[in-house]
Ligand code: SF4
Ligand code: SF4
Ligand code: SF4
Ligand code: SF4
């Protein structure tokens, strides 16, 4: 009898001790903010273009965490949808074309001699990637431009172009090897040469 | 004799080295144009110091390192700068990149050389700066700026210096020729490196297929009585891989993701050692290197001493290329090199070999078959990876998994593709996967940056809005205060007329003042009359006047009180 009582008491004591530890840990190591919103935000491309219908990626991340669809972000495209579906355990769906198509990445360039210095583009840029002052020529900091397109519309003289980033040896990517079955012996295309190159 | 260890895997491809070793190193012709890419090394491209039209001397610095990991570039010959801009460069992409083009004048006129023969007396940092100024980047293949490897600081204690003389890749004999002909340059270079790093142990790792080079080095070491161990390793590709050579010589396996310096080892190539000797003892920056020209489409297969920037085409002509027989032009060796299509590209600091191969020599690869999971690739992989697994992940674009299977430990040696019975271009798949992963990482970095900027902008807008609000409030408050003040004033003015109490008081004061004045005037008059002064009539008039006004004041007050009561 006493053994049972002792056992129960010990267990109770243990439960109490661990409960205290857990309670303490919950207070001490509390995670700030809403981690799921952070995680969703981390998967969004941060183009901040607003094509999803929200004023930026973070608001959309919040909307998704509140149940909005995951297929509204054209710059992220299919890969972002897949990553989001994976994270949130939802169904992979095709991109909602209502919000736009997935397009190759571009960067804004201002034709500087045509710029009248109205500062409208600066006000539109969500990441402050445009430099300039009133009545002065404006220019885009290419490395900071997300290609969101938002500065093109406000420009009264239409001097902003969205151009694809030039491919240089630094950002060039190795092509995927040519899909195997199509390869024939007499094919001396570039892919073929690349294949042989390492042999 | 040092004990030999071994590394996993490896293959024995046909060596094809003999062809290029028949003749001594030959000086390549001086080309009319030298093309110097600003990026010939790992790290940031160099920044030009010259402008179009400038004349330069041989050995003059024409571009300086931009940032910590970067290397300087020097004019390989005298002449004038004719162009700075895009030119095709030796890169797998076949793309163009910024270059400086020098039109040579044929004078080969040197700038004043600045040797540091007394380097042992010098501050180590000054010596490292000198090496950095000479633009030396690893000549073995990767092109990592050498000064960084020599300047490890206090967090890395170097106990072993390994000089890589393995040169394991078929066809290439540039290091072999250098060791045969200039062993003393190499040893002097090693002495300088050892002076900087102070290792307790110096090893030279060389494959046993280079008996002449071994002999030359051994004799030179003996003659100089240097504490250097020359370790002859069995010929097995890729024993010259940095981590593989370290494992062969020391038995230490450098962990995935760490560098040899983390385990107290620094590796340098023999060519780099010779370049350091030239920079320090002769005061000559890195402006030339030895390049193996080989392949059966060439009339002369041998090693050339080539100025950096010499176009491939010039070398091919000089080696009497038979273009009708040339089927493929390869930069680097047959295992790790890349096929190139444009022979206008220049030799850079990392170019060790050019192969002009005939069709029989390097036939087109047969079509790839499905993987049969034979496991041969796994057996030969020197990095102990699972190549077939990596292949599946790369093909299925499961890059995360590929990374977790240590894709980035793959040295792209090509051993797996060499043995694969299905002729799968495995290395291409890995290169593809690696560049996709790198690209994704760069994009993530950019996204994080964009997020930060977006948030900073949001914060700025909020702050501005708040400030505006604040100002508006302040303005409104100020206006309200102003109004209140004005109102109060007006009210006061009104009250002066209306308040009877105050009015009464005023009248009373006025009456008493008038009385006092009258009294004073009367006193003055009396005084004057008593003394018999003149002008009393004037005083009389004043008194009369005052009497009247005092009376009027009294009257007003009386009236007012009358009204009041
Ligand atoms: S659509 Fe634009 S703003 Fe919306 S999540 Fe995608 S990148 Fe961000
Ligand atoms: S909106 Fe157009 S014109 Fe106005 S500052 Fe920007 S680029 Fe110049
Ligand atoms: S190429 Fe990579 S995977 Fe293939 S054998 Fe070499 S290190 Fe291993
Ligand atoms: S050697 Fe080729 S066929 Fe064999 S397992 Fe590796 S990839 Fe597959």
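The values are calculated or read from the model by the stated rules, or taken from the named source; none is laboratory data. Given the structure is predicted, the values throughout are model-derived calculations rather than measurements. Quick reminder, even Gly has a Cβ in these numbers, built from the backbone with ideal geometry, and neighbours come from all protein chains shown.
State all residues of the stretch B:67-90 that are surrounded by fewer than 16 Cβ atoms within 10 Å (Cβ to Cβ), assigned to a loop (DSSP other than H, G, I, E, B) and in contact with a strand residue (DSSP E or B) (Cβ under 7 Å, 6 or more places away or on another chain); if no residue qualifies, say none. Answer for the stretch B:67-90, where residues must be surrounded by fewer than 16 Cβ atoms within 10 Å (Cβ to Cβ), assigned to a loop (DSSP other than H, G, I, E, B) and in contact with a strand residue (DSSP E or B) (Cβ under 7 Å, 6 or more places away or on another chain): just B:69.
Considering each residue of the stretch B:13-24, count those that are surrounded by 13 or more Cβ atoms within 10 Å (Cβ to Cβ) and assigned to a loop (DSSP other than H, G, I, E, B), and give that number.
Initially, the stretch B:13-24 is screened for residues surrounded by 13 or more Cβ atoms within 10 Å (Cβ to Cβ), giving B:13, B:15-17, B:19-21.
Then keep just the ones that are assigned to a loop (DSSP other than H, G, I, E, B); that gives B:13, B:15-17.
Final tally of qualifying residues: 4.
From the residues in the stretch A:5-37 that are assigned to a helix (DSSP H, G or I) and in contact with a helix residue (DSSP H, G or I) (Cβ under 8 Å, 6 or more places away or on another chain), which one is farthest from ligand 2 (Cβ to nearest atom)? Give the derivation first.
First, the residues of the stretch A:5-37 that are assigned to a helix (DSSP H, G or I): A:5-28, A:35-37.
Now drop any that are not in contact with a helix residue (DSSP H, G or I) (Cβ under 8 Å, 6 or more places away or on another chain), which leaves A:36-37.
Working: A:36: 38, A:37: 33 Å.
The selected residue is A:36.
Quick check, is residue A:45 within 14 Å of chain B (Cβ to nearest Cβ), crowded, with 16+ Cβ neighbours inside 10 Å and either part of a loop (DSSP other than H, G, I, E, B) or within 16 Å of ligand 4 (Cβ to nearest atom) (or both)? Yes. Kindly check whether there is at least one residue in the stretch A:190-198 that is modelled with pLDDT of 80 or more, within 30 Å of residue B:345 (Cβ to Cβ) and within 11 Å of chain B (Cβ to nearest Cβ). No - not one qualifying residue is present in the stretch A:190-198. Among the residues making up the stretch A:82-104, a single one is touching a residue at least 40 places away in the same chain (Cβ under 8 Å), surrounded by fewer than 16 Cβ atoms within 10 Å (Cβ to Cβ) and assigned to a loop (DSSP other than H, G, I, E, B): A:104.
Could you tell me whether residue B:273 is buried (at least 19 other Cβ atoms within 10 Å of the Cβ) and more than 18 Å from residue B:165 (Cα to Cα)?
It is false that residue B:273 is buried (at least 19 other Cβ atoms within 10 Å of the Cβ) and more than 18 Å from residue B:165 (Cα to Cα).
Set side by side, the residues B:68, B:74, B:41 differ, and just one is under 25 Å from the mean Cα position of the chain (by Cα), at negative phi and modelled with pLDDT of 95 or more, which is B:74.
Taking residues in the stretch A:144-164 that are free of Cβ contacts under 8 Å to residues at least 40 places away in the same chain, and partners anywhere that are more than 16 Å from ligand 3 (Cβ to nearest atom) and part of a strand (DSSP E or B), the pairs with Cβ atoms closer than 7 Å and at least 6 places apart or on different chains are A:145/A:107; A:145/A:108. Kindly provide the set of residues from the stretch B:319-348 that are part of a loop (DSSP other than H, G, I, E, B) and more than 13 Å from chain A (Cβ to nearest Cβ), ordered by number. The answer is B:319, B:320, B:322, B:323, B:324, B:325, B:343, B:344, B:347. From the list B:148, B:172, B:157, B:162, the lone residue that is in a helix (DSSP H, G or I) and in contact (Cβ under 8 Å) with a residue 60 or more places away in the chain is B:148. The helices (runs of 4 or more DSSP H) found wholly in the stretch B:354-409 and carrying at least 3 residues that are more than 11 Å from every other protein chain (Cβ to nearest Cβ) and within 16 Å of ligand 4 (Cβ to nearest atom) occupy B:376-380, B:387-395.
Only a single criterion out of (1) in contact with a helix residue (DSSP H, G or I) (Cβ under 7 Å, 6 or more places away or on another chain); (2) away from every other protein chain (no Cβ under 12 Å); (3) buried (at least 19 other Cβ atoms within 10 Å of the Cβ) is not satisfied by residue A:149, namely (1). Out of curiosity, is residue B:404 more than 16 Å from ligand 2 (Cβ to nearest atom), surrounded by fewer than 15 Cβ atoms within 10 Å (Cβ to Cβ) and modelled with pLDDT of 90 or more? Answer is yes for this residue. All conditions but one from (1) more than 13 Å from ligand 1 (Cβ to nearest atom); (2) buried (at least 18 other Cβ atoms within 10 Å of the Cβ); (3) closer than 20 Å to residue A:59 by Cα apply to residue A:128; the one that does not is (2). For the stretch B:412-425, the count of residues that are more than 9 Å from chain A (Cβ to nearest Cβ), part of a loop (DSSP other than H, G, I, E, B) and away from ligand 4 (no atom under 15 Å from the Cβ) is zero.
Does the stretch B:460-478 contain at least one residue that is under 32 Å from the mean Cα position of the chain (by Cα), within 13 Å of chain A (Cβ to nearest Cβ) and more than 16 Å from ligand 2 (Cβ to nearest atom)?
Yes: one or more hits.
Evaluating residue A:50 against the criteria (1) free of Cβ contacts under 8 Å to residues at least 12 places away in the same chain; (2) surrounded by 13 or more Cβ atoms within 10 Å (Cβ to Cβ); (3) closer than 19 Å to residue B:455 by Cα leaves one unmet condition, (1).
Between B:89, B:69, the distinction of being closer than 29 Å to residue B:338 by Cβ and touching a helix residue (DSSP H, G or I) at 6+ places or on another chain (Cβ under 8 Å) belongs to B:69 only.
Determine, yes or no, whether residue B:430 is away from ligand 2 (no atom under 16 Å from the Cβ), within 28 Å of the chain's Cα centre (by Cα) and surrounded by 17 or more Cβ atoms within 10 Å (Cβ to Cβ). Explain how you work it out, then say what you get.
Details: away from ligand 2 (no atom under 16 Å from the Cβ): yes; within 28 Å of the chain's Cα centre (by Cα): yes; surrounded by 17 or more Cβ atoms within 10 Å (Cβ to Cβ): yes.
Judged against the criteria, residue B:430 is a match.
What are the residues in the stretch B:433-454 that are surrounded by 17 or more Cβ atoms within 10 Å (Cβ to Cβ), free of Cβ contacts under 8 Å to residues at least 40 places away in the same chain and touching a helix residue (DSSP H, G or I) at 6+ places or on another chain (Cβ under 9 Å), if any? Residues satisfying the conditions are B:434, B:436, B:437, B:447, B:450, B:451, B:454.
Could you list, in sequence order, all residues of the stretch B:297-312 that are over 19 Å from residue B:175 (Cα atoms) and assigned to a strand (DSSP E or B)? Quick ask: steps written out before the conclusion?
Just the residues of the stretch B:297-312 that are over 19 Å from residue B:175 (Cα atoms), to begin with: B:297-299, B:309-312.
Passing the criteria: B:298, B:311.
Taking the options B:111, B:62, B:136, name whichever one is in contact with a strand residue (DSSP E or B) (Cβ under 9 Å, 6 or more places away or on another chain), farther than 27 Å from residue B:175 by Cβ and buried (at least 22 other Cβ atoms within 10 Å of the Cβ). Let's see the steps before the verdict.
Working: B:111 fails: buried (at least 22 other Cβ atoms within 10 Å of the Cβ); B:136 fails: farther than 27 Å from residue B:175 by Cβ.
Only one candidate qualifies: B:62.
Check whether at least one residue in the stretch B:114-127 is within 24 Å of residue B:37 (Cβ to Cβ) and either at pLDDT 90 or above or under 20 Å from the mean Cα position of the chain (by Cα) (or both), and report yes or no. Spell out the reasoning first.
We begin by selecting, within the stretch B:114-127, every residue within 24 Å of residue B:37 (Cβ to Cβ); these are none.
No - not one qualifying residue is present in the stretch B:114-127.
Inside the stretch B:115-133, residues that are part of a loop (DSSP other than H, G, I, E, B) and surrounded by fewer than 17 Cβ atoms within 10 Å (Cβ to Cβ) make up a count of 5.
So that you can scan it fast, the table gives a plain yes or no per residue for (1) touching a strand residue (DSSP E or B) at 6+ places or on another chain (Cβ under 8 Å); (2) more than 16 Å from ligand 1 (Cβ to nearest atom); (3) under 30 Å from residue B:272 (Cα atoms); (4) outside the structural domain of residue B:315 (by TED's automatic domain parsing):
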site: B:354; (1), (2), (3), (4): yes, yes, yes, no
site: B:369; (1), (2), (3), (4): no, yes, no, yes
site: B:380; (1), (2), (3), (4): yes, yes, yes, yes
site: B:391; (1), (2), (3), (4): no, yes, no, yes
site: B:397; (1), (2), (3), (4): no, yes, no, yes
site: B:416; (1), (2), (3), (4): no, yes, yes, yes
site: B:419; (1), (2), (3), (4): yes, yes, no, yes
